[in-house]
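First up is the structure itself, then whatever we jot down about it.
Since every read-out is calculated from the coordinates, none of them should be taken as a lab result. Predicted model, so just to flag it, every value in this text is computed and none were measured. Cβ coordinates were reconstructed from backbone atoms using ideal geometry, including for glycine residues, and neighbour counts include every protein chain displayed.
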Amino acid sequence: MGATDFNPFAEKKMDNYVYTMIKIGGVAFMAINMAAVLVWMERRFSALMQDRVGPHRANLKLGNINITLFGLLHPVADALKILWKEDFVPAKANRLLHAMSPFLAMMPVLICFAVVPFGGAVCPEGFDPQYTERYGPYIQSCLNAATNQSVDPTRMLITDLDIGMLLIFAISSLAVYGIAIAGWSSYNNYALLGSLRASAQMISYEVTLGLSVMGVFLLASSLSLDHITGMQGAFWGGILNKWGIFLQPLAFILFFTAAIAETKRVPFDNPEGESEIQGGYMLEFSSSRFFMFFLGELVEIVFVGCVVTAIFLGGWATLPLPIGTFYNGLPLEDGTLGHGILWAGGGFLPLGEVLTIVAQILSFFTKMFVFAVIQMTIRWTLPRFRYDQVMTLCWKVLLPLSLANVLITAVVAYFLY
Amino acid sequence: MTKVVAPKIGFWEKLYVPEITRGLGVTLKHFFYNFPKRLLGQKSDIVTIEYPEKPEVYAPRFRGQHRLTVRDDGNVRCVACMCCSTACPSNCIRIVASETEERNVEKFPMVFEIDQLRCVFCGMCVEACPCDAIRMDTGIHVKPVFNRSGAIHTKDLLMSFKGIDGTRESTAVQGGAAKGGMTDELRERIANDLNPLDPVYEPRPENERFSAQKEEKAPAAHDAHGHH
């Protein structure tokens with residue numbers, strides 16, 4: 001039998017590398033294509049919000065039939081157009097750094113996807129679920145029926161890293177180098193101004209970003225996004241999932257605000273500042289180099305949606321509403337293993353092994369999609385902050401609040417857990 | 001220097017989050033109002049004019065593509081008097097006059113060309129014409145061209161356009177009132193001080209949104225006058 005005591009810091013074996021390759025491919029495909037879909041959504045949703053129609057004329061002509069797909073071909077047309085544009089480099093630019101900076105700006109966010117859990121675990125060898133109340137539907141080990149040995153399950157994330165969130169903070173903070181170098185290497189005052197603003201803003205908000213989720217770490221006693229997600233599958237008094245947003249409502253607002261500031265979108269878009277500094281650090285980039293900045297920003301939206309979903313909205317563990325938890329291999333009263341949804345009231349809806357994992361992934365994507373839409377709505381609702389307001393909000397409002405949140409959570413967690 | 005008085009912000013507004021949520025609600029209200037109606041093809045708040053598919057109705061006196069009206073026998077009505085080319089402020093009309101005995105007219109334009117790249121669509125040629133031979137009542141734009149020579153409209157092309165009433169003829173009748181040109185409708189229009197040469201159009205449909213706004217504002221303006 002598997003370990004009876006759950007130890008989140010236990011040593012893990014390497015996953016099957018074929019599965020890992022498939023997962024990397026899937027996540028990369030999802031992230032990039034979600035970004036393309038978000039380009040489309042951004043345009044058409046914002047249009048409907050502003051009583052306009054939005055672009056819907058890009059079409060494929062097949063004989064006399066025009067295929068427009070509600071304007072979904074616009075991102076395709078954009079990408080094709082932008083790749084054929086002139087790759088302009090300013091005469092006095094530092095050519096090496098100018099060429100490097102788009103990669104430096106875009107790669108960190110793609111790396112961060114490695115630790116995002118988009119589904120629960122599967123046990124191809126056979127289930128030996130070791131659920132604890134605290135870690136909800138997080139499967140700790142599987143049981144190989146033939147040899148009666150416990151095996152690590154195949155998890156629906158690329159790397160099951162115990163320091164998942166730490167890796168995210170470490171890698172995503174590297175993006176600021178790409179931005180700073182982009183502005184400096186362009187040899188343009190506006191670009192430099194934009195990159196200075198971006199550097200100051202991103203470094204300032206990183207402090208709040210890290211401190212705000214500290215409370216969630218304390219309650220989960222883990223930095224792994226998979227553990228945190230599993231924890232939220234547990235029920236609160238048997239009626240409501242323990243979503244992070246209920247446990248740490250203030251942390252949610254702080255984290256979400258800081259995350260929007262990190263993505264440098266409205267209302268924190270001073271670094272781009274189209275009306276004052278002409279697009280800031282990406283001013284002197286064209287063609288596919290600009291495209292990488294542009295795509296990086298949209299992938300960041302997807303990523304923020306993923307992290308918020310995993311930390312605060314129950315991730316793959318629960319339904320899009322906090323009323324039910326997906327369990328794969330839950331020991332039922334009649335001695336069999338149940339695969340399906342455990343409702344808040346206590347009922348169990350069997351779905352089958354495969355359908356449960358599909359439902360988990362779909363639930364995760366639904367929540368992530370909703371949060372991408374909310375980020376877009378924020379963008380098309382709020383005006384831009386003044387630069388001093390951005391800094392005041394960070395250092396005088398968000399940071400003290402996040403510190404207070406950590407302190408109170410620590411005291412409460414010390415006495416309750 | 002004028003002193004800027006900032007509006008007072010209370011505690012509730014200073015919390016940001018509730019007010020931002022309210023703002024998001026306003027944005028989403030527009031979205032959820034427009035989205036299903038647009039999907040079902042119903043009338044929504046969207047103000048965009050989808051031009052080529054659903055063109056906006058032009059004003060009755062819209063000056064667009066020129067046309068040369070024709071006589072009853074199908075020949076050009078123009079008598080090459082040069083009034084239009086003289087009146088033209090941008091010198092875009094080129095006429096080469098010629099004589100003819102076949103038709104019961106002394107002069108006719110052998111060449112009648114309008115350079116649409118030069119034309120400013122002032123309508124002075126129409127005003128100047130004594131024969132109602134040139135009109136700009138086609139209700140369409142001059143079509144874009146791929147080369148400059150395509151923008152020079154020849155006599156045949158100009159004669160091929162139809163007026164917004166669907167005919168190539170003039171509304172004036174050859175021979176005037178004595179030959180039945182004066183109808184009751186025209187008499188009425190002259191009595192009402194309207195230009196008898198203006199073609200009759202359907203009245204332009206008013207945008208409901210804007211007319212509704214007008215109705216709201218109208219009584220307020222009336223009250224203001226009452227006070228004076």
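Before moving on, here are some points about what is shown:
- The separation of segment B:55-103 from segment A:376-417, counted between C-alpha centres, amounts to 73 Å.
- Taking each DSSP H run with n ≥ 4 as -39500 (n - 2.57) and averaging over every residue of the protein assembly as shown yields -14500 deg cm²/dmol at 222 nm.
- Residue by residue along B:23-35, Cβ atoms of other protein chains within 10 Å of the local Cβ number 5 on average.
- Cα gyration tensor shape of segment A:323-417, rounded if a/c is under 1.5, else prolate or oblate by comparing a/b with b/c: oblate
- Of A:Val109, A:Val299, A:Val358, the residue with the greatest mean-square motion in the GNM of chain A, using alpha carbon springs below 10 Å, is A:Val358.
- As a rough footprinting exposure proxy, the listed residues B:Ile93, A:Ile65 were ranked by other beta carbons within 10 Å of their own, and the order from fewest upward is A:Ile65, B:Ile93.
- Among the GluC sites (Glu not before Pro) in segment A:110-215, those placed in a DSSP loop whose Cβ has at most 13 other Cβ atoms within 10 Å are A:Glu133.
- Acute angle (nearest 10 degrees) that the helix A:95-112 long axis makes with the longest principal axis of chain A, alpha-carbon atoms: 20 degrees
- Amide H contacts of B:Met110 (H built 1.01 Å from N, in plane; Pro and chain starts excluded): B:Val96, B:Ala97, B:Ser98 sit under 5 Å, all sequence-distant by 5 or more or on other chains.
- For segment A:333-342, 3J(HN,Hα) computed residue by residue from phi via the Karplus equation (6.51, -1.76, 1.60; θ = phi - 60°) reads 5, 7, x, 8, 9, x, 10, x, 9, 9 Hz, glycine and proline entered as x.
- Comparing Cα centroids, segment A:286-308 and segment A:329-371 end up 32 angstrom apart.
- This ranking places A:Met202, A:Met368, B:Met110 by how few other beta-carbon atoms lie within 10 Å of each, fewest first, which gives B:Met110, A:Met202, A:Met368.
- Taking the longest Cα principal axis of chain A as reference, the axis of helix A:73-83 is set at about 60 degrees.
- Label-to-label distance, nm, for residues given as A:Leu407 and B:Ile20 (7 Å Cα→Cβ offset): 2.3 nm
- Segment A:151-310, dipole about Cα centre (Lys/Arg Cβ +1, Asp/Glu Cβ -1), debye to the nearest 20: 180 debye
- Using alpha-carbon coordinates, inclination of helix A:175-185 to the longest axis of chain A, degrees: 10 degrees
- FRET efficiency for B:Arg187 and B:Ile140, using Cβ-Cβ distance with R0 set to 25 Å, rounded to 0.05: 0.20
- Simple Cβ-charge dipole of segment B:6-158, Lys/Arg +1 and Asp/Glu -1, about Cα centre, in debye nearest 20: 900 debye
- Taking amide hydrogens as placed 1.01 Å from N in the peptide plane, the amide H of A:Val151 sits under 5 Å from those of A:Cys142, A:Leu143, A:Asn144, each at least 5 positions away in sequence or on another chain.
- Candidate aspartates and glutamates - alpha carbon under 18 Å from B:Lys8, same-chain residues fewer than 8 apart omitted: B:Glu19
- Shown for chain A: lysine pairs separated by 8 or more places, or found on different chains, whose C-alpha atoms are under 30 Å apart, numbering 17.
- Residue order for B:Val105, B:Val76, A:Val308, B:Val47, fewest other beta carbons within 10 angstrom first, comes to B:Val47, B:Val105, B:Val76, A:Val308.
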